[in-house]
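I have placed the structure first, in the form of structure tokens, so that the comments after it can refer back to it.
The values are calculated or read from the model by the stated rules, or taken from the named source; none is laboratory data. Being a predicted model, the structure only gives us computed values, none of them experimental. For neighbour counting, all protein chains shown are included, and Cβ atoms are generated from backbone atoms with ideal geometry for every residue, glycine included.
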Amino acid sequence: MKQQLLNIDAEAKKALEGINTAAELEEIRIKYLGKKGELTAILKQMGSLSSEERPIIGQLANKIRASIEDAISKKDSELKESGLKEKLISEALDVTLPGKKQVLGHKHPLTLVLDEIKEMFLGMGFDIVRGPEVETDYYNFEALNIPKDHPARDTQDTFYITENILLRTQTSPVQIRTMEQKKPPIRVISPGRVYRSDALDATHSPVFHQIEGLVVDKGVTMADLKGTLEMFAKKLYGEDSVVRFRPHHFPFTEPSAEVDVMCFNCHGKGCSLCKGEGWIEILGAGMVHPKVLSICGIDPDEYSGFAFGMGLERLVMRRYQIDDLRMFFENDMKFLSQF
Amino acid sequence: MKLSVKWLNDYVSIKPDNRQFSEALTMSGSKVEGFEIEGEEITNVVVGKILKIEKHPDADKLVVCQVDVNKGEPIQIVTGATNVFEGALVPVALDGSTLPQGIKIKKGKLRGVESCGMLCSIKELGVTLGDFPYAIEDGIFIIEEDCQIGEDIHSAIGIDDTVFDFEITSNRPDCLSVLGLSREVAATYNLPLNIKYPEVKGCGGDINELLKVEILNSELCPRYSAKIVKNVKVGPSPRWLRERLRSSGVRPINNLVDITNFVMLEYGQPMHAFDLRYINGGKISVRNAVKGESITTLDGIERPLSEEMLVIADEKAPVAVAGVMGGEFSGIMEDTNTVVFESAVFLGSSVRKTAKKLGMRTEASARFEKDLDRQNTLPALLRACELVEMLGAGEVVDGIIDVDYTDKTPKKIHLDCNFINRFLGISLTDAEIISYLERAGFKVEGEDVIVPSFRTDIEHKADLSEEVARFYGYNNIPSTTIRGIAKASLSDRQKFDKKVHETMRACGLSEIMTYSFVSPKIFDKLCVPENSPLRNPIVISNPLGEDTGIMRTTSLASMLDTVSRNYNNRNLNVSLYEIASIYINKGEDTLPDEKDILTLGMYGANVDFYVLKGVIEALLEKLNIKGASFKTVSDDSMYHPGRCAALVINGEQIGVFGEVHPTVLGNFEIDTKVYAATICMDALFSLEDNDIKYKPLPKYPAVSRDLALICDTSVTSGEIEEIIKASAPKIIESVSLFDIYQGKQIAEGKKSLAYNISMRALDRTLTTEEADNAVNKILKNLEKSNIVLR
């Protein structure tokens, strides 16, 4: 019987070597270990053994069963592993095929840059305010020290609704409204749409966007204006950008300045981008005219302030090298999806 | 404003380096826009004298000239011109010379005869008949100037000036003059300014016997000065004067006209010259026009005048529109004998209004409207007379008329050095501040700063601080950070706006920006009913064109225009949104209501009504707005009557959406289905709920039941869902539609809708019995509305 058991063991193990499928493995398991299997058949004859032999053979039989079970399970994992391998190989993909398109919405490029600028000024302690686009002559001009029939009105061709109501030509009226409503300290920017009767072409649009800023407090100086705008220009154009302040005239600021950044294309030598000047004008600014403070009920002997403003479209055009302003308002998907 | 370096040197001795000069003047406040070096492109062109002219052996139309250019042997040049003669002085472009427009001249052979250069016409030198009235246009320039043989052409004919072009801001009309800019140059470089008061000899007589002047409106004309010149000799001006005018871009006409233009450019004071013959009664009245009056101006156009316009009139009629343009017969004519020079000041705003109303802005009006120096009339007038005598253009009658209502007390501003330092953020000594002010032309007397009369823009100590800053240098002012701490954050509304933007983009929509003004035709294009309040927009009184004539009362047209452009540009799948204002008319002289509207527009293969609705639902979910219901809208003319819904929250309609009406789409030239929505941002903002509280995750399982129902096709899913939810509100967690069927297997006029109903109790596991009871109740309630189990 002992020999029979050893034979079964050897046979089973030999049989295992030659198989390749899970079904064959199961066949072997049933043949040797099943209820009607060979090992069970032998164990059934145990009753005929002597009491000395029984434990020895029993032990051997259990050992052989464990050994066969072990071999089967080993074979089983081998088969599974190679099966998985095969399956994975058969599932291989062409990774160079295109991905499935996910539809993403795009920010308008003007919003993209405006949001960036808003973040910068929020970080510098400026709140964001807005005001009406259809404005009174008073807020758009008179309160800004531009009386009726003042030549400064020529530079801002205005759309009128009635004699006293117009489409704002600048976001400055928001500054007046802010000063009327809020006591200093004031630190705000007012981005928004403005209107001038310029025919639409590659560099002009009757609707465009401005971002203006206003600071009013005790002891605000022109040096503060310079520091603030230099910080902004460096954030926008890079730490190594060179900024200059050039005297100019705006009726609502005194002294007034235009702010130039050294042309990042030619570094001041003069090129087509900066029209040979070496500098690119980016901002208008100045100390709020004491008259304007008085008009808004702020005592100019106690408070001073500065204001600045810039056009958004030109800035965005330079940023993305867009050569035609009309693209902003045509909203072609092929354009929008680039941002 | 153009400034010739030659002219500048009459007042300031300076040889500027062009770039450095541009930079310096720009940084002291007079922005240089560019400069032009006259004759820059001309090289190697000299004065030559034609010694001998012979016929060309092989060409009838050519001649061979021997020209002395003071370089040893004469050179041989072949020309086709017919106006040359032996002994003539001519411009000779030598071998290897260059001319304007990049023309290069090289030695060569013309019909076999060697030609060592070219004789030039005035055009080839880039000058005009105005500059050299004695020359001819088609022929060689026969030089009549005082020059040397072999002399470089630049100096020989005076094309050796450099002209700077300045941008002058509207507050500095004084800088619209050579004198004004010379002052700025002197101040910038701290150089002396050599101004000589004009001297007039006179020829006797008395102006008062020839002319009377009265001002009837001294507010609009505070000063009127005049001189008379008799026995005038009209003729061309000398070269130096013509050169000055040319450098300023003014065409020379004749000596008297040129003198008035010269003085305007030099002193910034517009002048007018009247022929005394045409001043009826020898009396000038400066008065308002009378109703019904008109004038034919110098340009031959008859212009009706209105009563607020100021005119210069003789006894009978207006002879000039004050400060704008003279009348037809007021100018200088060939037979003019006696001339009245007018040098006056008019109120800027009045000139501006008049010029605008008459539609004629002239060089004079552009200056007057900026309010000129009221003390400049006499110096300018005398300068003109000085030039008359210098040019021998006539005899200046003694005496002067000067009707003067101006206040001659100089403006004084208290000198507050502390303020200036504080305002600018610098610390200069009082002496430094005073020296900068004096450089700029101010006088300081004790504690007062005396403002020169030409600085009409200076009124306040802030103005003085700008003067100090200009010459101290803006870029020498330090850069400091604002004191005090300021905290800033987005307002609730701004955060809300941002969230809406983000949600739209997350849903795959791209942002657009469109114009706020539209064409009034959009109402017809959108099929808006005649009586709709939308048709009462704010109208722009001076639009660029009809297409941009009104402020939009609906944002849909702008969206559809954009969709149409995309569709016609063959973009296949397009989903867009815009957040922008519409403008609701609140009546004349009242500002409109500006309402922000969220506008959606989409088309393409994967888009339908329910995709659009899904976007709106996603937005409501993101904003945590509950209780939205969607009501069928069948009477909105912009939308498909069967595919349009109103977004209703708490009984209030806050938006409309659906498939755009095919007629409207046709009007916008769109040949595909477009889904659009307009939603009021203010309403969304007021409904937004940011008060989010965590709810524990459910501990007990949900019971799920599916119901397939049959109802009339007119019944909406919304109604069914409402009935289901109301039947067991405590335990129904969600109701979701998963199938719709309409067809052969059910009766005509009926449809089948299948729902999954999820039920859950928060405190226990729901029993089967409870769930069954709920379903029974649902079915019972549905039955009341003729909705039955399939």
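Inclusion of A:A71 among residues that are loosely packed, with under 11 Cβ neighbours inside 10 Å and assigned to a helix (DSSP H, G or I) is not warranted.
Among the residues of the range A:254-274, which ones are more than 24 Å from B:R470 (Cβ to Cβ) and either charged (D, E, K, R) or modelled with pLDDT of 90 or more (or both)? Hit for the range A:254-274 is A:K269, nothing else.
For (1) surrounded by 12 or more Cβ atoms within 10 Å (Cβ to Cβ); (2) outside any helix (DSSP H, G or I); (3) touching a residue at least 60 places away in the same chain (Cβ under 8 Å), each residue gets a yes or a no:
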site	(1), (2), (3)
B:R643	yes, yes, no
B:I670	yes, yes, yes
B:K673	yes, yes, yes
B:A708	yes, yes, yes
B:I724	yes, no, no
B:P729	no, yes, no
B:V735	yes, yes, no
B:D739	no, yes, no
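Of all residues in the range A:107-129, those being more than 9 Å from chain B (Cβ to nearest Cβ) and not hydrophobic (A, V, I, L, M, F, W, C) number 3. If you filter the range A:200-220 down to residues that are under 26 Å from the mean Cα position of the chain (by Cα) and either among the β-branched types (V, I, T) or surrounded by fewer than 23 Cβ atoms within 10 Å (Cβ to Cβ) (or both), you find that the one that is nearest to the other protein chains (Cβ to nearest Cβ) is A:H209.
Conditions (1) more than 25 Å from B:P662 (Cα to Cα); (2) modelled with pLDDT of 95 or more, marked per residue:
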residue: B:K498; (1), (2): yes, yes
residue: B:R505; (1), (2): yes, yes
residue: B:E546; (1), (2): yes, no
residue: B:A557; (1), (2): no, yes
residue: B:S564; (1), (2): no, yes
residue: B:L572; (1), (2): no, no
residue: B:S581; (1), (2): yes, yes
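Only residues that are in contact (Cβ under 8 Å) with a residue 60 or more places away in the chain and more than 18 Å from B:A364 (Cα to Cα) were counted across the range B:247-292, and they come to 13. Screening the range A:174-190 for residues that are of a type outside the set (A, V, I, L, M, F, W, C) and within 11 Å of another protein chain (Cβ to nearest Cβ) and picking the one that is nearest to A:F308 (Cα to Cα) gives A:R187.
Only one entry of B:E315, B:E342 meets the criterion of being surrounded by fewer than 18 Cβ atoms within 10 Å (Cβ to Cβ), in contact with a strand residue (DSSP E or B) (Cβ under 8 Å, 6 or more places away or on another chain) and closer than 18 Å to B:Y224 by Cβ, and that entry is B:E315. When restricted to residues that are more than 7 Å from chain B (Cβ to nearest Cβ) and in contact with a strand residue (DSSP E or B) (Cβ under 8 Å, 6 or more places away or on another chain), the range A:155-166 contains 2.
So, in the range B:744-767, of the ones that are without any contact (Cβ under 8 Å) to a residue 40 or more places away in the chain and closer than 17 Å to B:T716 by Cα, which residue ends up nearest to the chain's Cα centre (by Cα)? Ranking the qualifying residues of the range B:744-767, first place goes to B:G749.
In the set (1) within 7 Å of chain A (Cβ to nearest Cβ); (2) surrounded by 13 or more Cβ atoms within 10 Å (Cβ to Cβ), B:L526 fails one condition alone, (1).
When each of A:A152, A:A223, A:A143 is tested for being away from every other protein chain (no Cβ under 11 Å) and either buried (at least 18 other Cβ atoms within 10 Å of the Cβ) or in contact (Cβ under 8 Å) with a residue 12 or more places away in the chain (or both), the lone residue that passes is A:A143.
Filtering the range B:199-216 to residues that are crowded, with 17+ Cβ neighbours inside 10 Å and part of a loop (DSSP other than H, G, I, E, B) leaves B:V200, B:L210, B:L211.
Applying the criterion of being assigned to a loop (DSSP other than H, G, I, E, B) and of a type in the set (S, T, N, Q) to the residues of the range B:497-523, the residue that is farthest from the other protein chains (Cβ to nearest Cβ) is B:S519.
Listed here are the residues, each with its yes/no results for (1) among the charged types (D, E, K, R); (2) under 36 Å from the mean Cα position of the chain (by Cα); (3) under 23 Å from B:R172 (Cβ atoms); (4) not assigned by TED's automatic domain parsing to the domain that holds B:L220.
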| residue | (1), (2), (3), (4) |
| --- | --- |
| B:D371 | yes, yes, yes, no |
| B:T377 | no, yes, yes, no |
| B:A380 | no, yes, yes, no |
| B:E386 | yes, no, no, no |
| B:G394 | no, no, no, no |
| B:I400 | no, no, no, no |
| B:L415 | no, no, yes, yes |
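Checking each residue of the range B:472-490 against the condition of being at the interface with chain A (Cβ under 7 Å from one of its Cβ atoms), assigned to a helix (DSSP H, G or I) and closer than 15 Å to B:M681 by Cβ gives no match.
Each row is one residue, and each column tells you yes or no for (1) within 14 Å of chain A (Cβ to nearest Cβ); (2) assigned to a helix (DSSP H, G or I); (3) not hydroxyl-bearing (S, T, Y).
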| residue | (1), (2), (3) |
| --- | --- |
| B:I149 | no, no, yes |
| B:S170 | yes, no, no |
| B:L179 | no, yes, yes |
| B:L191 | no, no, yes |
| B:N194 | no, no, yes |
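The residues on offer are A:I298, A:I282, and the sole one that is buried (at least 21 other Cβ atoms within 10 Å of the Cβ), of a type in the set (V, I, T) and over 22 Å from B:L464 (Cα atoms) is A:I282.
For every residue, the table says whether it meets (1) within 13 Å of chain A (Cβ to nearest Cβ); (2) surrounded by fewer than 17 Cβ atoms within 10 Å (Cβ to Cβ); (3) in a strand (DSSP E or B).
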{"site": "B:E588", "(1), (2), (3)": "yes, yes, no"}
{"site": "B:K595", "(1), (2), (3)": "yes, yes, yes"}
{"site": "B:M602", "(1), (2), (3)": "yes, no, yes"}
{"site": "B:V611", "(1), (2), (3)": "yes, yes, no"}
{"site": "B:K626", "(1), (2), (3)": "no, yes, no"}
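In the range B:565-579, of all residues being crowded, with 21+ Cβ neighbours inside 10 Å and more than 8 Å from every other protein chain (Cβ to nearest Cβ), the one that is nearest to the chain's Cα centre (by Cα) corresponds to B:E578. Of all residues in the range B:447-470, those that are at the interface with another protein chain (Cβ under 9 Å from one of its Cβ atoms) and of a type in the set (S, T, Y) have Cβ atoms under 8 Å from Cβ atoms of residues that are outside any helix (DSSP H, G or I) and surrounded by 23 or more Cβ atoms within 10 Å (Cβ to Cβ), 6 or more apart or on another chain, in B:S465/A:E254; B:S465/A:P255; B:S465/A:M287. Within the range B:156-178, identify whether any single residue is under 39 Å from the mean Cα position of the chain (by Cα), small (G, A, S) and under 30 Å from B:E466 (Cβ atoms), and answer yes or no. Yes; the residues of the range B:156-178 include at least one that is under 39 Å from the mean Cα position of the chain (by Cα), small (G, A, S) and under 30 Å from B:E466 (Cβ atoms). Selection over the range B:692-717 of residues that are under 18 Å from B:V775 (Cα atoms) and either among the small types (G, A, S) or at pLDDT below 90 (or both) gives a count of 4.
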